[in-house]
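The values are calculated or read from the model by the stated rules, or taken from the named source; none is laboratory data. Source: prediction; values computed, not measured. So basically every Cβ, Gly included, is an ideal-geometry build from the backbone, and we count neighbours across all protein chains shown. Just so you know, the surface numbers come from the protein's heavy atoms only, side chains and all, with ligands and any DNA or RNA stripped out. Shrake-Rupley method; radii C 1.70, N 1.55, O 1.52, S 1.80 Å.
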Amino acid sequence: MSVRALEEKTIVVTGAAQGIGAAYARRLVDEGCNVVLTDRNREKLEACAATLDGPGKAYAHPLDVTDRASCEQLAATLTEAYGHIDGLINNAAVFSTITMKPFWEITDKEWDEVQAVNLRGPWLTVSALLPLLTKAGTASIVNIGSDAVLLGRPGYLHYIASKGGVHGMTYSMARELGQFGIRVNTLSPGPVYTEVPRETVTAEQRETMLSAQALPRTACPDDMLGTAAFLLSDDAAYLTGQTISVNAGLVHR
Ligand SMILES: NC(=O)c1ccc[n+]([C@@H]2O[C@H](COP(=O)([O-])OP(=O)(O)OC[C@H]3O[C@@H](n4cnc5c(N)ncnc54)[C@H](O)[C@@H]3O)[C@@H](O)[C@H]2O)c1
(Lines give C-alpha, C1' and ligand atoms only; values in the text may rest on other atoms or scores of the structure.)
Protein backbone atom coordinates (compact mmCIF):
# COMPACT_ATOMS: atom_id res chain seq x y z
CA MET A 1 0.00 0.00 0.00
CA SER A 2 1.26 3.49 -0.79
CA VAL A 3 2.21 5.83 2.02
CA ARG A 4 -0.44 8.52 2.45
CA ALA A 5 -0.47 11.58 0.23
CA LEU A 6 2.81 10.98 -1.55
CA GLU A 7 1.17 10.94 -4.98
CA GLU A 8 1.73 14.04 -7.09
CA LYS A 9 4.27 15.53 -4.74
CA THR A 10 7.22 17.14 -6.47
CA ILE A 11 10.45 15.79 -5.02
CA VAL A 12 14.09 16.60 -5.83
CA VAL A 13 16.72 13.89 -5.35
CA THR A 14 20.40 14.84 -5.52
CA GLY A 15 23.03 12.31 -6.59
CA ALA A 16 20.35 10.33 -8.41
CA ALA A 17 22.44 9.00 -11.31
CA GLN A 18 23.40 5.76 -9.58
CA GLY A 19 23.39 3.75 -6.38
CA ILE A 20 20.88 4.52 -3.62
CA GLY A 21 19.98 7.93 -5.11
CA ALA A 22 18.74 6.28 -8.29
CA ALA A 23 16.72 3.84 -6.16
CA TYR A 24 15.05 6.68 -4.18
CA ALA A 25 14.04 8.25 -7.51
CA ARG A 26 12.65 4.96 -8.83
CA ARG A 27 10.57 4.41 -5.68
CA LEU A 28 9.16 7.94 -5.75
CA VAL A 29 8.17 7.63 -9.42
CA ASP A 30 6.47 4.35 -8.46
CA GLU A 31 4.60 6.27 -5.73
CA GLY A 32 3.27 8.71 -8.36
CA CYS A 33 5.53 11.67 -7.58
CA ASN A 34 7.03 14.17 -10.02
CA VAL A 35 10.67 13.37 -9.41
CA VAL A 36 13.48 15.71 -10.39
CA LEU A 37 16.62 13.61 -10.59
CA THR A 38 19.80 15.66 -10.27
CA ASP A 39 23.48 14.79 -10.45
CA ARG A 40 26.74 16.22 -11.71
CA ASN A 41 27.18 13.18 -14.00
CA ARG A 42 24.81 14.31 -16.75
CA GLU A 43 25.19 11.26 -19.01
CA LYS A 44 24.43 8.70 -16.30
CA LEU A 45 21.67 10.92 -14.93
CA GLU A 46 19.81 11.08 -18.23
CA ALA A 47 20.24 7.33 -18.79
CA CYS A 48 18.85 6.67 -15.30
CA ALA A 49 15.84 9.00 -15.70
CA ALA A 50 15.03 7.39 -19.06
CA THR A 51 14.53 4.00 -17.37
CA LEU A 52 11.73 5.35 -15.11
CA ASP A 53 8.26 5.10 -16.58
CA GLY A 54 5.51 6.04 -14.18
CA PRO A 55 2.99 6.24 -12.72
CA GLY A 56 4.81 9.44 -11.66
CA LYS A 57 7.08 11.49 -13.90
CA ALA A 58 10.87 11.64 -13.97
CA TYR A 59 12.87 14.68 -15.06
CA ALA A 60 16.65 14.92 -15.24
CA HIS A 61 18.38 18.19 -14.35
CA PRO A 62 22.17 18.50 -14.06
CA LEU A 63 23.39 19.84 -10.73
CA ASP A 64 26.71 20.33 -9.01
CA VAL A 65 25.79 20.70 -5.33
CA THR A 66 29.10 22.42 -4.56
CA ASP A 67 28.30 25.28 -6.91
CA ARG A 68 25.92 28.02 -5.77
CA ALA A 69 25.18 29.09 -9.36
CA SER A 70 24.25 25.53 -10.30
CA CYS A 71 21.88 25.27 -7.29
CA GLU A 72 20.32 28.61 -8.20
CA GLN A 73 19.87 27.50 -11.82
CA LEU A 74 17.98 24.44 -10.57
CA ALA A 75 15.82 26.66 -8.36
CA ALA A 76 15.02 28.94 -11.32
CA THR A 77 13.99 25.97 -13.50
CA LEU A 78 11.79 24.51 -10.75
CA THR A 79 10.18 27.88 -10.02
CA GLU A 80 9.10 28.10 -13.62
CA ALA A 81 8.05 24.45 -13.92
CA TYR A 82 6.26 23.90 -10.57
CA GLY A 83 6.32 27.03 -8.42
CA HIS A 84 6.99 24.91 -5.33
CA ILE A 85 8.59 21.62 -4.25
CA ASP A 86 7.27 19.25 -1.59
CA GLY A 87 10.45 17.43 -0.75
CA LEU A 88 14.19 17.09 -1.17
CA ILE A 89 16.52 14.17 -0.58
CA ASN A 90 20.06 15.44 -0.01
CA ASN A 91 21.76 12.26 -1.16
CA ALA A 92 24.68 13.44 -3.36
CA ALA A 93 28.03 12.62 -1.82
CA VAL A 94 31.57 11.63 -2.48
CA PHE A 95 31.32 8.05 -1.26
CA SER A 96 31.89 5.17 -3.68
CA THR A 97 35.04 6.80 -5.10
CA ILE A 98 36.77 7.12 -1.71
CA THR A 99 39.90 5.07 -1.05
CA MET A 100 40.34 4.05 2.57
CA LYS A 101 43.55 5.25 4.19
CA PRO A 102 44.82 6.44 7.58
CA PHE A 103 43.58 9.99 8.18
CA TRP A 104 47.10 11.41 8.26
CA GLU A 105 47.50 10.36 4.62
CA ILE A 106 44.36 12.15 3.40
CA THR A 107 45.45 15.08 1.20
CA ASP A 108 44.11 18.61 1.60
CA LYS A 109 42.50 18.28 -1.83
CA GLU A 110 40.67 15.06 -0.87
CA TRP A 111 39.53 16.58 2.43
CA ASP A 112 38.22 19.74 0.78
CA GLU A 113 36.39 17.91 -2.00
CA VAL A 114 34.56 15.64 0.43
CA GLN A 115 33.50 18.55 2.66
CA ALA A 116 32.44 20.59 -0.39
CA VAL A 117 30.11 17.91 -1.74
CA ASN A 118 28.90 16.16 1.42
CA LEU A 119 28.53 19.14 3.75
CA ARG A 120 28.49 22.40 1.80
CA GLY A 121 26.33 20.66 -0.83
CA PRO A 122 23.21 20.05 1.29
CA TRP A 123 23.48 23.53 2.84
CA LEU A 124 23.74 25.22 -0.57
CA THR A 125 20.99 23.08 -2.08
CA VAL A 126 18.52 23.76 0.73
CA SER A 127 19.40 27.46 0.73
CA ALA A 128 18.74 27.79 -3.01
CA LEU A 129 15.53 25.74 -2.92
CA LEU A 130 14.17 27.31 0.28
CA PRO A 131 11.62 29.63 -1.37
CA LEU A 132 10.22 26.63 -3.28
CA LEU A 133 10.11 24.44 -0.15
CA THR A 134 8.45 27.22 1.83
CA LYS A 135 5.83 27.66 -0.87
CA ALA A 136 4.69 24.03 -0.38
CA GLY A 137 3.65 24.78 3.21
CA THR A 138 4.46 21.26 4.50
CA ALA A 139 7.71 20.31 2.78
CA SER A 140 10.07 17.60 3.97
CA ILE A 141 13.86 17.46 3.68
CA VAL A 142 15.64 14.15 4.09
CA ASN A 143 19.37 14.52 4.68
CA ILE A 144 21.30 11.34 4.03
CA GLY A 145 23.74 10.76 6.87
CA SER A 146 25.62 7.58 7.70
CA ASP A 147 25.83 5.09 10.53
CA ALA A 148 29.57 5.07 9.81
CA VAL A 149 29.57 8.24 11.98
CA LEU A 150 27.97 6.43 14.93
CA LEU A 151 30.26 3.42 14.45
CA GLY A 152 33.36 5.62 14.24
CA ARG A 153 34.52 3.55 11.28
CA PRO A 154 38.22 4.00 10.54
CA GLY A 155 39.82 4.66 7.15
CA TYR A 156 37.89 7.63 5.81
CA LEU A 157 37.92 10.36 8.39
CA HIS A 158 37.08 13.12 5.88
CA TYR A 159 33.87 11.28 5.01
CA ILE A 160 32.99 10.56 8.67
CA ALA A 161 33.55 14.22 9.58
CA SER A 162 31.38 15.39 6.68
CA LYS A 163 28.51 13.06 7.55
CA GLY A 164 28.81 13.96 11.25
CA GLY A 165 28.26 17.51 10.04
CA VAL A 166 25.15 16.42 8.16
CA HIS A 167 23.71 14.79 11.29
CA GLY A 168 24.31 18.02 13.22
CA MET A 169 22.99 20.21 10.40
CA THR A 170 19.66 18.36 10.47
CA TYR A 171 19.02 19.31 14.10
CA SER A 172 19.62 23.01 13.51
CA MET A 173 17.92 23.12 10.11
CA ALA A 174 14.82 21.53 11.65
CA ARG A 175 14.69 24.30 14.26
CA GLU A 176 15.28 27.11 11.77
CA LEU A 177 12.83 25.80 9.18
CA GLY A 178 9.98 24.69 11.45
CA GLN A 179 8.50 28.17 11.24
CA PHE A 180 7.96 27.57 7.50
CA GLY A 181 6.28 24.21 8.07
CA ILE A 182 9.37 22.43 6.73
CA ARG A 183 10.45 19.18 8.39
CA VAL A 184 14.09 18.04 8.33
CA ASN A 185 15.28 14.55 9.25
CA THR A 186 18.35 12.40 8.72
CA LEU A 187 18.08 8.96 7.18
CA SER A 188 21.25 7.25 8.36
CA PRO A 189 21.98 4.04 6.43
CA GLY A 190 24.16 1.23 7.70
CA PRO A 191 26.32 -0.43 5.01
CA VAL A 192 24.40 -0.73 1.73
CA TYR A 193 25.78 -2.68 -1.21
CA THR A 194 24.83 -1.10 -4.54
CA GLU A 195 25.68 -1.87 -8.18
CA VAL A 196 28.74 0.38 -7.81
CA PRO A 197 32.00 -1.26 -6.67
CA ARG A 198 33.74 0.67 -3.89
CA GLU A 199 36.72 0.57 -1.56
CA THR A 200 35.09 1.81 1.65
CA VAL A 201 34.76 -1.63 3.18
CA THR A 202 37.04 -4.65 3.32
CA ALA A 203 35.66 -8.21 3.18
CA GLU A 204 36.64 -8.64 6.84
CA GLN A 205 34.87 -5.42 7.94
CA ARG A 206 31.79 -6.48 5.99
CA GLU A 207 31.63 -9.77 7.93
CA THR A 208 32.25 -8.04 11.29
CA MET A 209 29.44 -5.54 10.70
CA LEU A 210 27.11 -8.28 9.54
CA SER A 211 27.70 -10.26 12.72
CA ALA A 212 26.87 -7.13 14.81
CA GLN A 213 23.43 -6.81 13.17
CA ALA A 214 20.15 -8.21 14.53
CA LEU A 215 19.04 -9.22 11.02
CA PRO A 216 21.80 -11.40 9.53
CA ARG A 217 21.77 -10.13 5.95
CA THR A 218 23.41 -7.28 4.05
CA ALA A 219 21.38 -4.31 2.78
CA CYS A 220 20.60 -3.39 -0.81
CA PRO A 221 19.27 0.05 -1.89
CA ASP A 222 15.65 -1.14 -1.71
CA ASP A 223 16.05 -1.50 2.07
CA MET A 224 16.32 2.31 2.39
CA LEU A 225 13.33 3.28 0.28
CA GLY A 226 10.35 2.78 2.57
CA THR A 227 11.89 4.97 5.27
CA ALA A 228 12.68 7.72 2.76
CA ALA A 229 9.15 7.59 1.32
CA PHE A 230 7.67 7.71 4.84
CA LEU A 231 9.78 10.72 5.86
CA LEU A 232 8.67 12.58 2.72
CA SER A 233 5.01 11.71 3.22
CA ASP A 234 2.30 13.43 5.25
CA ASP A 235 2.25 10.36 7.51
CA ALA A 236 5.44 11.82 9.03
CA ALA A 237 3.84 15.27 9.52
CA TYR A 238 4.85 15.46 13.22
CA LEU A 239 8.33 14.07 12.75
CA THR A 240 11.25 16.48 12.49
CA GLY A 241 14.79 16.91 13.78
CA GLN A 242 15.30 13.13 14.03
CA THR A 243 18.01 10.71 12.97
CA ILE A 244 16.65 7.38 11.81
CA SER A 245 19.20 4.59 11.45
CA VAL A 246 18.20 2.01 8.86
CA ASN A 247 20.72 -0.66 9.72
CA ALA A 248 19.14 -4.05 10.61
CA GLY A 249 19.87 -3.41 14.29
CA LEU A 250 23.63 -2.96 13.82
CA VAL A 251 25.03 -2.38 17.29
CA HIS A 252 27.16 0.73 17.60
CA ARG A 253 30.60 -0.17 19.06
N1 LIG B 1 26.25 2.79 0.22
C2 LIG B 1 26.44 2.82 1.54
O3 LIG B 1 26.89 1.86 2.17
C4 LIG B 1 26.08 4.05 2.32
C5 LIG B 1 26.04 3.97 3.72
C6 LIG B 1 25.71 5.11 4.46
C7 LIG B 1 25.41 6.28 3.79
N8 LIG B 1 25.48 6.32 2.43
C9 LIG B 1 25.14 7.58 1.77
O10 LIG B 1 24.08 7.34 0.87
C11 LIG B 1 24.22 8.21 -0.26
C12 LIG B 1 24.25 7.39 -1.55
O13 LIG B 1 25.28 6.41 -1.45
P14 LIG B 1 25.75 5.59 -2.73
O15 LIG B 1 26.38 4.36 -2.24
O16 LIG B 1 24.64 5.50 -3.72
O17 LIG B 1 26.88 6.60 -3.31
P18 LIG B 1 27.52 6.75 -4.77
O19 LIG B 1 28.91 7.23 -4.58
O20 LIG B 1 27.33 5.51 -5.58
O21 LIG B 1 26.64 7.89 -5.48
C22 LIG B 1 26.80 9.25 -5.17
C23 LIG B 1 26.18 10.09 -6.29
O24 LIG B 1 26.43 11.47 -5.95
C25 LIG B 1 26.82 12.13 -7.16
N26 LIG B 1 27.63 13.33 -6.86
C27 LIG B 1 28.90 13.38 -6.37
N28 LIG B 1 29.30 14.67 -6.30
C29 LIG B 1 28.27 15.44 -6.71
C30 LIG B 1 28.09 16.84 -6.86
N31 LIG B 1 29.08 17.71 -6.58
N32 LIG B 1 26.89 17.29 -7.29
C33 LIG B 1 25.90 16.42 -7.61
N34 LIG B 1 26.02 15.07 -7.52
C35 LIG B 1 27.21 14.60 -7.08
C36 LIG B 1 27.64 11.09 -7.91
O37 LIG B 1 27.76 11.43 -9.30
C38 LIG B 1 26.81 9.83 -7.67
O39 LIG B 1 25.80 9.68 -8.63
C40 LIG B 1 25.46 9.04 0.00
O41 LIG B 1 25.09 10.24 0.66
C42 LIG B 1 26.26 8.16 0.93
O43 LIG B 1 27.18 8.90 1.70
C44 LIG B 1 25.80 5.24 1.68
Heavy-atom accessible area of the range 133-253 with neighbours in place, 1.4 angstrom probe: carbon+sulfur share in percent works out to 56 percent
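Rounded to the nearest 0.05, what FRET efficiency do T202 and E80 have when you use their Cβ-Cβ distance and R0 = 45 Å?
On the way: r = 48 Å, r/R0 = 1.06.
Computed FRET efficiency for T202 and E80: 0.40.
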Using only the alpha carbons of the chain, what is the convex hull's orientation-averaged projected area in square nanometres? 12.8 nm²
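I need to check one value: relative contact order of the chain, counting alpha carbon pairs closer than 8 Å and at least 6 residues apart, in percent.
21 percent
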The range 1-65: radius of gyration and largest Cα-Cα distance (Dmax), Å: 10.8, 35
Pairs of alpha-carbon atoms within less than 8 angstrom and 6+ residues apart define the contacts here; what relative contact order does the range 1-94 have, in percent? 33 percent
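Going through the range 190-226, which GluC sites (Glu not before Pro) have at most 12 other Cβ atoms within 10 Å and a DSSP loop state? Write down the numbers at each step before the final one.
Working: sites: E195, E199, E204, E207; in loops: E195.
Within the range 190-226, the qualifying GluC sites (Glu not before Pro) (loop, at most 12 other Cβ atoms within 10 Å) are E195.
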Student exercise, the chain dipole from Lys, Arg, Asp, Glu Cβ charges, in Debye to nearest 20: 420 debye
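Tell me the per residue accessible area of the chain using a 1.4 Å probe; a whole number in Å² is fine. Could you put the intermediate results ahead of the total?
Working: 11710 Å² over 253 residues.
Value returned for the chain: 46 Å² of accessible area per residue.
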With x for Gly and Pro, the residue-by-residue ³J(HN,Hα) of the range 95-106, computed from phi through the Karplus equation 6.51 cos²θ - 1.76 cosθ + 1.60 at θ = phi - 60° and given in whole Hz, is 9, 5, 8, 6, 9, 6, 6, x, 5, 6, 9, 5
Once you place label points 7 Å from the Cα toward the Cβ at M100 and S211, how far apart are they in nm? 1.5 nm
Trypsin sites (Lys or Arg not before Pro) in the range 187-229 lying in a DSSP loop, each with at most 15 other Cβ atoms within 10 Å of its Cβ, come to R198, R217
Whole-Å distance linking the alpha carbon centroid of the range 1-44 with that of the range 95-146 is 18 Å
Under 5 Å from the placed amide H of S245, counting only residues 5+ away or on other chains, we find S188
